[in-house]
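Engineer: Attaching a single structure in structure tokens format; questions to follow.
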Amino acid sequence: MPDLVDTRIQNRWMVQPNHANNLGAAHGGNVLKWMDEAGAMSAVRFSGEICVTAHMDEVNFKQPVPVGETAFIDAYVYGAGRTSVKVRTQVYREDLKSGRRELTTNCYMVFVAIDQDNEPVPVPDLTVATEEGERLHAEALADAP
């Protein structure tokens, strides 16, 4: 069975002018796309199946990521149903020199595993076997809607 820490996907995007809104920061639509992609990769890593987005919970934009800065996306599976996969996704503004991160956006997402005929298929049970996994799981459950 897949362990929570094995589902973790972390990715970075340098915010470029083509990603920006008229205020010079990452456009919300681009941020949502990056979150959706990382969340889907996490769900696929967990389930071993193609996964499609079924639900995005309330998305909270706490602060901008300006052009020229780095958006760091962190996504991991924190729960599973029969065919569904729950993923916590967070975006941080990251200073590449210092490694310092500030939370900018967060969202809880649900994906559904599907087969080649686009029919839902069962997913495995999620296991939490490490201290890091337990910490991430507890944080997700404490903040989940």
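Engineer: Tell me the residue from Pro17, Pro66 that is open to solvent by less than 70 Å² (accessible area, probe 1.4 Å) and more than 12 Å from the chain's Cα centre (by Cα), please. Break it down into steps so the answer makes sense when it comes.
Structural biologist: Numbers: Pro17 fails: open to solvent by less than 70 Å² (accessible area, probe 1.4 Å).
Answer to the check: Pro66.
Engineer: Checking Gly99 against (1) without any contact (Cβ under 8 Å) to a residue 60 or more places away in the chain; (2) part of a strand (DSSP E or B); (3) open to solvent by less than 60 Å² (accessible area, probe 1.4 Å), only one condition comes out false. Which one?
Structural biologist: (2)
Engineer: Next question, about the same structure. If you take the residues of the range 26-35 that are in contact with a strand residue (DSSP E or B) (Cβ under 7 Å, 6 or more places away or on another chain) and touching a residue at least 24 places away in the same chain (Cβ under 8 Å), which of them is nearest to Pro122 (Cα to Cα)? Step through it out loud before you land on a result.
Structural biologist: Step one: of the range 26-35, the residues in contact with a strand residue (DSSP E or B) (Cβ under 7 Å, 6 or more places away or on another chain) are 26-28, 31, 34-35.
Remaining after also requiring touching a residue at least 24 places away in the same chain (Cβ under 8 Å): 26, 28, 31, 34-35.
On the way: Ala26: 36, Gly28: 32, Val31: 29, Trp34: 26, Met35: 24 Å.
In this case the residue turns out to be Met35.
Engineer: Hey, can you tell me all the residues within the range 38-77 that are of a type in the set (Phe, Trp, Tyr) and assigned to a strand (DSSP E or B)? Please lay out each step first, then the result.
Structural biologist: Of the range 38-77, the ones of a type in the set (Phe, Trp, Tyr) are 46, 61, 72, 76.
Passing the criteria: Phe61, Phe72, Tyr76.
Engineer: Here is a follow-up. Of the residues Ala75, Ala38, Ala71, only one is touching a residue at least 12 places away in the same chain (Cβ under 8 Å), out of contact with any Pro (no Cβ under 6 Å at 6 or more places or on another chain), farther than 24 Å from Thr127 by Cβ and open to solvent by less than 10 Å² (accessible area, probe 1.4 Å); which?
Structural biologist: Details: Ala75 fails: farther than 24 Å from Thr127 by Cβ; Ala38 fails: farther than 24 Å from Thr127 by Cβ.
Every option except Ala71 fails the conditions.
Engineer: Can you say whether Thr89 is in contact with a Pro (Cβ under 9 Å, 6 or more places away or on another chain), modelled with pLDDT of 95 or more, in a strand (DSSP E or B) and surrounded by 13 or more Cβ atoms within 10 Å (Cβ to Cβ), as far as the supplied structure shows? Outline the logic, then answer.
Structural biologist: On the way: in contact with a Pro (Cβ under 9 Å, 6 or more places away or on another chain): no; modelled with pLDDT of 95 or more: yes; in a strand (DSSP E or B): yes; surrounded by 13 or more Cβ atoms within 10 Å (Cβ to Cβ): yes.
It is false that Thr89 is in contact with a Pro (Cβ under 9 Å, 6 or more places away or on another chain), modelled with pLDDT of 95 or more, in a strand (DSSP E or B) and surrounded by 13 or more Cβ atoms within 10 Å (Cβ to Cβ).
Engineer: Given the conditions (1) in contact with a helix residue (DSSP H, G or I) (Cβ under 9 Å, 6 or more places away or on another chain); (2) surrounded by fewer than 15 Cβ atoms within 10 Å (Cβ to Cβ); (3) among the charged types (D, E, K, R), report the number of the one that Lys33 does not fulfil.
Structural biologist: The one condition Lys33 does not meet is (1).
Engineer: Next up: Looking only at residues that are out of contact with any Phe, Trp or Tyr (no Cβ under 7 Å at 6 or more places or on another chain) and open to solvent by 40 Å² or more (accessible area, probe 1.4 Å) in the range 45-58, which one is nearest to Asn118 (Cα to Cα)? Lay out the reasoning, then the answer.
Structural biologist: First, pick out the residues of the range 45-58 that are out of contact with any Phe, Trp or Tyr (no Cβ under 7 Å at 6 or more places or on another chain): 45-50, 55-56, 58.
Checking the rest, the ones that are also open to solvent by 40 Å² or more (accessible area, probe 1.4 Å) come to 45, 48-50, 55-56, 58.
Working: Arg45: 18, Gly48: 15, Glu49: 11, Ile50: 9, His55: 17, Met56: 20, Glu58: 26 Å.
So the residue we want is Ile50.
Engineer: Further question on the same structure: Given Arg45, Arg82, which one is of a type in the set (Lys, Arg), out of contact with any Ser or Thr (no Cβ under 9 Å at 6 or more places or on another chain) and touching a residue at least 24 places away in the same chain (Cβ under 8 Å)? Write out each step before concluding.
Structural biologist: Numbers: Arg45 fails: out of contact with any Ser or Thr (no Cβ under 9 Å at 6 or more places or on another chain).
Testing whether each residue is of a type in the set (Lys, Arg), out of contact with any Ser or Thr (no Cβ under 9 Å at 6 or more places or on another chain) and touching a residue at least 24 places away in the same chain (Cβ under 8 Å) leaves just Arg82.
Engineer: With the checklist (1) under 20 Å from Pro64 (Cβ atoms); (2) touching a Gly at 6+ places or on another chain (Cβ under 9 Å); (3) open to solvent by 40 Å² or more (accessible area, probe 1.4 Å) in hand, flag the one item Leu141 doesn't pass.
Structural biologist: (1)
The values are calculated or read from the model by the stated rules, or taken from the named source; none is laboratory data. These numbers come from a predicted model, not from an experiment. Every residue, glycine among them, receives a Cβ derived from its backbone with ideal geometry; neighbour counts consider all protein chains shown. Surface accessibility is based on the protein's heavy atoms, side chains included, excluding ligands, DNA and RNA. Shrake-Rupley method; radii C 1.70, N 1.55, O 1.52, S 1.80 Å.
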